[in-house]
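Engineer: Let me begin by handing over the structure; questions about it come next.
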Amino acid sequence: IMLASTGMLALLAASMPLNSATAQDKPVIRMSTPASDTDQRSVALATVFGPAISEFATYQPHYNASLVPQGSELESIATGDLEMSITSAQELANFLPEFSIFATGYVHQSAEHQVKVFNDPLMDPFKQKVEDELGIKLLAVMYLGKRHVNLRFPQAEKNVMKPADLAGVNLRMPGSDAWQFLGRALGANPTPMAFTEIYTALQTGSVDGQDNPLPTVVDAKFYEVTKQISLTAHLVDLNYIAFSKSVWDGLDAEQQAVVQKAAEEAAESGRQAQLKKEEDLVSFLKEQGLDVYEPDLTAFRTHVQAQYVGSDFTKSWPEGVLDKINALGN
Ligand code: KDO
């Protein structure tokens, strides 16, 4: 018995260091987002991305900005305090102003257009710069949806048909220059505020409204504390899957390919789910008693685009890129 058990122990001992070393070396991919766990991007990452990389890495999501405050994710990845996030073009524009082109009202036309733009060679120098200057790889583009103006007032009190109708309206927009610029371009009085504070701000009336796509209005329950949505569609919004380059560099080529594919598949799965929700939610929101209506879209588009012409943002756009983006659309 002694011999047998010693033999067994020896066998165990021989296999254990290997196993534990593997478990220890498996990188933990902390992902931080202001989004909830039920947001379609979160769901797609948890159900598609996480399982796809589980053989060699552990996907660990943190929701509701519980790990990193909204807007600090890129810095956290750059300094090694975070491995992954879903970031906006507006946040990237804080570091690389030319990213404001992707944050500009009425530039992206659809979810499909976003994918074409992201996969086009026009995007290569942008991706390269993010890698070189922030140590971040942009793996795929996730669809957030068409952003609309969502206010506390019923339409009878405030009928938002054109930019002038938003004069004096305190509209919460995320806190960065590119976002605030867009809020002003819409004709509103933008107020910077973190995503996680919106619900209470709407409830107490410290802001008059906010802008987000319909799935977010429902997921974050903003419909409980607002009365109308003017379907301005001022931004076909996106988030890029941002991944730490130092973690990436620690993976072998095969693993990198798995991560890349997992990101693309998660993005596609989230995109389809989000598109479906956008389509379905108008009737849900009406049932909840909200006025949901289409404004004068030409008036909004013309006004918003005119605000960008000659602005500091447009000066940062590389020559010819806007034309290339437009050529990939309709
Ligand atoms: C928001 O703060 O309004 C925003 O929609 C901005 C997006 O870039 C993104 O960060 C999003 O919030 C969060 O993921 C929550 O949905």
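Engineer: Which three lengths, in whole Å and largest first, does the chain cover when its Cα atoms are put on their principal axes?
Structural biologist: Cα spread of the chain along its principal axes, largest to smallest: 88, 46, 31 Å.
Engineer: Here is a further query. In percent, how large is the relative contact order of the stretch 186-291, given Cα pairs closer than 8 Å and 6 or more residues apart? If you can, show how the numbers build up before the last one.
Structural biologist: Working: 40 pairs, mean separation 43.3, N = 106.
Taking the mean separation of contacting Cα pairs over the length of the stretch 186-291, I get 41 percent.
Engineer: Between the stretch 69-115 and the stretch 257-330, what is the C-alpha centre distance in whole Å?
Structural biologist: If we compute the Cα centre of each part, the gap is 14 Å.
Engineer: What's the carbon and sulfur percent of the chain's accessible surface, probe 1.4 angstrom, rounded to a whole number?
Structural biologist: Summing carbon and sulfur atoms, their accessible area is 53 percent of the total for the chain.
Engineer: Once amide H atoms are placed 1.01 Å from N in the peptide plane, what residues at a sequence separation of 5 or more from Thr191, or on another chain, have their amide H within under 5 Å of its amide H?
Structural biologist: Excluding prolines and chain starts, which carry no amide H, the hits are Leu171, Arg172, Met173.
Engineer: Quick one: what are the phi-derived ³J(HN,Hα) couplings along the stretch 236-247, Karplus 6.51/-1.76/1.60 with θ = phi - 60°, whole Hz, x for glycine and proline?
Structural biologist: 7, 8, 9, 9, 8, 6, 9, 10, 4, 5, 6, 5
Engineer: Among Phe181, Val321, Val48, whose Cα lies farthest out toward the positive end of the dipole of the chain, if unit charges sit on the beta carbon of Lys, Arg (+1) and Asp, Glu (-1)?
Structural biologist: Phe181
Engineer: For the stretch 61-70, in order, what is each residue's ³J(HN,Hα) by Karplus, 6.51 cos²θ - 1.76 cosθ + 1.60 with θ = phi - 60°, in whole Hz (x at glycine and Pro)?
Structural biologist: x, 10, 9, 6, 6, 6, 9, 10, x, 4
Engineer: Which one of Ser311, Met161, Gly105 has its Cα pushed farthest toward the positive end of the charge dipole of the chain, where Lys and Arg give +1 and Asp and Glu give -1 at the Cβ?
Structural biologist: Met161
Engineer: Hey, another quick one. Treating the beta-carbon of each Lys and Arg as +1 and of each Asp and Glu as -1, no other charges, what is the dipole magnitude of the chain about its Cα centre, to the nearest 20 debye? Each step should come with its number before you reach the end.
Structural biologist: Details: 25 positive and 41 negative charges, 103 e Å.
It works out to roughly 500 debye.
Engineer: With runs of 4+ DSSP H residues as the only contributors, calculate the mean residue ellipticity of the chain at 222 nm using -39,500 (n - 2.57) per run, divided by the residue total and rounded to the nearest 500.
Structural biologist: My calculation for the chain gives -13500 deg cm²/dmol from helical runs alone.
Engineer: List the relative contact order of the chain as a percent without decimals, with contacts defined as Cα pairs under 8 Å and 6+ residues apart. If you can, show how the numbers build up before the last one.
Structural biologist: Numbers: 579 pairs, mean separation 86.0, N = 330.
Rounded, it is 26 percent for the chain.
Engineer: Only Lys, Arg, Asp and Glu count, each charged at its Cβ (+1, +1, -1, -1), so figure out the dipole size of the stretch 195-330 about its Cα centre, rounded to 20 debye.
Structural biologist: Magnitude of the dipole: close to 140 debye.
The values are calculated or read from the model by the stated rules, or taken from the named source; none is laboratory data. This one's a predicted model, so the numbers in the text were calculated from it and none came from an experiment. All Cβ positions, even for glycine, are placed from backbone atoms using ideal geometry, and neighbour counts span all protein chains on display. Keep in mind that these areas ignore ligands, DNA and RNA; they rest on the heavy atoms of the full protein, side chains included. Shrake-Rupley method; radii C 1.70, N 1.55, O 1.52, S 1.80 Å.
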